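Visitor: Handing you a structure now.
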């Protein structure tokens, strides 16, 4: 690709150009930061949602066909074509694309995801059927093949957590672990921050939370993967003043049915999409991510920044920032989860979270990485 010592032409590739979603929000902010540094930025995507940042040019390749397989292959093919046509100084990949100069892995290898996430579904028919559907899906095999190819062709790979780096090397043992860089997500520490005790009391009163109520909260779109079934069951083993609030997701009927059967329906609240997430964290006593697979949960980092006590499974990359006593090894162990929630719920409020200065994180390292690669 053409090199330039001055203002560079840079392409970012990702199927969806949007502010909604963890990976999408990161890509949006990265494109803004690169434009602010004076670069010409094209965002190659299948669809663009909303008005793009000033100076960022969306290159929309569209979505072809109704099948997921065709959509996956179409984007891989058309984004490659757009990159060749654009003759960019650098291509930064964030999706399932074949060729790029730098590749950010914001998820993880499909084979590892399958191995770990299968435990999120109940043993028996539900789990077997889910695994069968995965393995019979042509789109999943296409994604797996693209993953193998891009790992062999990409010169510089960046993982969003040390855990993801371990997963990458497990799935692709030919890779040199030391050559894979790790750059963590970092929340907006101005937006996500603690509030005074008086403000917290006001927010809890507005949310109709009782004075003696201990609020456990979580955020999820995929309820099964994030262990909502197990969280609801853990309430049976907790004092009756412990309640659960779930932000995000849809189709909660089956989980409310479970809560009714367990006799804890009045202690479970599904809130749907929550626009004011900082307020959601600030009314929380213990935030938990009982996930069976998460590369680096932004919600855990945001909750920490808001002054929450946080419990997470060890299968989450951002558990890296938690003290060991706040980490549960197996999110499927209901009793151990309940014990951890009860123990942490009795702790004093933690001191304000300070982002570790020795941990590489945020947007800036990527901007530096891009500019140094262009200048070499």
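The values are calculated or read from the model by the stated rules, or taken from the named source; none is laboratory data. Values in this document were obtained by computation on a predicted structure and should not be read as measured data. All Cβ positions, even for glycine, are placed from backbone atoms using ideal geometry, and neighbour counts span all protein chains on display.
Visitor: Among the candidates 36, 23, 8, which residue alone is exposed (fewer than 14 other Cβ atoms within 10 Å of the Cβ) and within 26 Å of residue 186 (Cβ to Cβ)?
Guide: Exactly one residue qualifies, and that residue is 36.
Visitor: So how many residues does region 244-269 have that are in contact with a helix residue (DSSP H, G or I) (Cβ under 7 Å, 6 or more places away or on another chain) and either assigned to a strand (DSSP E or B) or modelled with pLDDT under 95 (or both)? Steps first, answer last, please.
Guide: Of all residues in region 244-269, those in contact with a helix residue (DSSP H, G or I) (Cβ under 7 Å, 6 or more places away or on another chain) come to 244, 246-247, 255-256, 258-259, 262, 264-265, 267-268.
Then drop every residue that is not either assigned to a strand (DSSP E or B) or modelled with pLDDT under 95 (or both), which leaves 244, 246-247, 268.
Total meeting the criteria: 4.
Visitor: For the structure I just gave you, tell me whether residue 18 is at pLDDT below 95, touching a helix residue (DSSP H, G or I) at 6+ places or on another chain (Cβ under 8 Å) and not assigned by TED's automatic domain parsing to the domain that holds residue 146.
Guide: So residue 18 fails the test.
Visitor: Checking residue 165 against (1) part of a helix (DSSP H, G or I); (2) in contact with a helix residue (DSSP H, G or I) (Cβ under 6 Å, 6 or more places away or on another chain); (3) farther than 30 Å from residue 259 by Cα, only one condition comes out false. Which one?
Guide: (2)
Visitor: Given the options 280, 287, name the one that is part of a helix (DSSP H, G or I), touching a strand residue (DSSP E or B) at 6+ places or on another chain (Cβ under 6 Å), modelled with pLDDT of 95 or more and closer than 24 Å to residue 196 by Cβ.
Guide: 280 is the lone residue from the list that is part of a helix (DSSP H, G or I), touching a strand residue (DSSP E or B) at 6+ places or on another chain (Cβ under 6 Å), modelled with pLDDT of 95 or more and closer than 24 Å to residue 196 by Cβ.
Visitor: Could you grab me the full set of residues in region 54-70 that are out of contact with any strand residue (DSSP E or B) (no Cβ under 6 Å at 6 or more places or on another chain) and surrounded by fewer than 18 Cβ atoms within 10 Å (Cβ to Cβ)?
Guide: Of everything in region 54-70, those that are out of contact with any strand residue (DSSP E or B) (no Cβ under 6 Å at 6 or more places or on another chain) and surrounded by fewer than 18 Cβ atoms within 10 Å (Cβ to Cβ) turn out to be 54, 55, 62, 63, 64, 65, 66, 67, 68, 69, 70.
Visitor: Hey, can you tell me all the residues within region 125-154 that are over 12 Å from residue 180 (Cβ atoms) and either touching a residue at least 40 places away in the same chain (Cβ under 8 Å) or not assigned by TED's automatic domain parsing to the domain that holds residue 114 (or both)? Reasoning before the result, please.
Guide: As a first pass, look at region 125-154 and keep what is over 12 Å from residue 180 (Cβ atoms): 125-150, 152-153.
Passing the criteria: 137, 138, 139, 142, 143, 146, 147, 149, 150, 153.
Visitor: If residue 349 satisfies all but one of (1) outside any helix (DSSP H, G or I); (2) over 20 Å from residue 166 (Cβ atoms); (3) under 18 Å from the mean Cα position of the chain (by Cα), what's the number of the condition it fails?
Guide: Condition (3) is where residue 349 drops out.
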